[in-house]
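A quick write-up on the structure given underneath.
The values are calculated or read from the model by the stated rules, or taken from the named source; none is laboratory data. In this text, all values refer to a predicted model and were calculated from it rather than measured experimentally. Every residue, glycine as well, gets a Cβ built from its backbone with ideal geometry; the counts of neighbours run over all protein chains shown.
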Amino acid sequence: MDCIFCKIASGEIPTTVVYEDDKVIAFNDTDPQAPVHVLIIPKEHIASMAEINESNSAVVAHIFEVAALIAREKGLDNGFRVVSNCGESAGQSVHHLHFHLMGGRDFGWPAG
Ligand code: DGP
């Protein structure tokens, strides 16, 4: 499968790793939208949030544990945002489930 995030997860494409374990990897986004902008992905290929179900949702819970850990490590004590764009209208450009962890600035709401 020609998936750029699968290649990052396997180490085939090098990246700046922020966190890694057997289930997930987190790395800096190449197009940062905030002073801290980390992508957290499952190593298993899941195309988007729309494909989450009973059999694969445990990794999503784990990703949120990792997001909280990274936020603490990065000193985002003032707050942070976690976003997963799902599908065309949300602007998903990489079709491998990923969560954007962003912090270090103020955010507006609703997001544009
Ligand atoms: P989204 O638009 O929600 O699908 O977000 C995809 C993000 O992935 C976007 O912010 C840019 C980032 N990205 C795309 N290709 C690469 C890559 O090869 N390496 C890294 N580190 N980030 C990438």
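Are any residues in the stretch 70-101 within 24 Å of residue 7 (Cα to Cα) and of a type in the set (A, V, I, L, M), and if so, which ones? If you could, list the steps in order and put the result at the bottom.
Filtering the stretch 70-101 for residues within 24 Å of residue 7 (Cα to Cα) gives 70, 82-88, 90-101.
The answer is 70, 82, 83, 90, 94, 97, 101.
Which ones in the stretch 85-94 are surrounded by 11 or more Cβ atoms within 10 Å (Cβ to Cβ), more than 8 Å from the ligand (Cβ to nearest atom) and either touching a residue at least 40 places away in the same chain (Cβ under 8 Å) or over 13 Å from the mean Cα position of the chain (by Cα) (or both)?
87
Does the stretch 54-62 include one or more residues that are closer than 20 Å to residue 5 by Cβ, at pLDDT 95 or above and within 15 Å of the ligand (Cβ to nearest atom)?
No, there is no match, as no residue in the stretch 54-62 is closer than 20 Å to residue 5 by Cβ, at pLDDT 95 or above and within 15 Å of the ligand (Cβ to nearest atom).
Does residue 82 satisfy the criteria of being assigned to a helix (DSSP H, G or I) and away from the ligand (no atom under 11 Å from the Cβ)?
The answer is no for residue 82.
Which of the residues spanning the stretch 14-64 are among the hydroxyl-bearing types (Ser, Thr, Tyr) and touching a Cys at 6+ places or on another chain (Cβ under 7 Å)?
48
Answer yes or no as to whether residue 111 is under 23 Å from residue 31 (Cβ atoms) and modelled with pLDDT of 95 or more. Can you show your working first?
Working: under 23 Å from residue 31 (Cβ atoms): yes; modelled with pLDDT of 95 or more: no.
Spelling it out, it is not the case that residue 111 is under 23 Å from residue 31 (Cβ atoms) and modelled with pLDDT of 95 or more.
State all residues of the stretch 76-95 that are in contact with a helix residue (DSSP H, G or I) (Cβ under 7 Å, 6 or more places away or on another chain) and under 11 Å from residue 49 (Cβ atoms); if no residue qualifies, say none.
Residues satisfying the conditions are 84, 86, 87.
Taking the condition within 13 Å of the ligand (Cβ to nearest atom), on the phi < 0 side of the Ramachandran plot, out of contact with any Ser or Thr (no Cβ under 6 Å at 6 or more places or on another chain) and modelled with pLDDT of 95 or more, does residue 101 pass?
Yes, satisfied.
Would you pick out the residues in the stretch 12-48 that are over 19 Å from residue 64 (Cβ atoms) and either away from the ligand (no atom under 13 Å from the Cβ) or among the basic types (Lys, Arg) (or both)?
Selection gives 35, 45.
Yes/no matrix, rows are residues, columns are (1) under 20 Å from residue 102 (Cβ atoms); (2) surrounded by 15 or more Cβ atoms within 10 Å (Cβ to Cβ); (3) among the hydroxyl-bearing types (Ser, Thr, Tyr):
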position	(1), (2), (3)
20	yes, no, no
30	yes, no, yes
45	no, yes, no
55	no, no, yes
64	yes, no, no
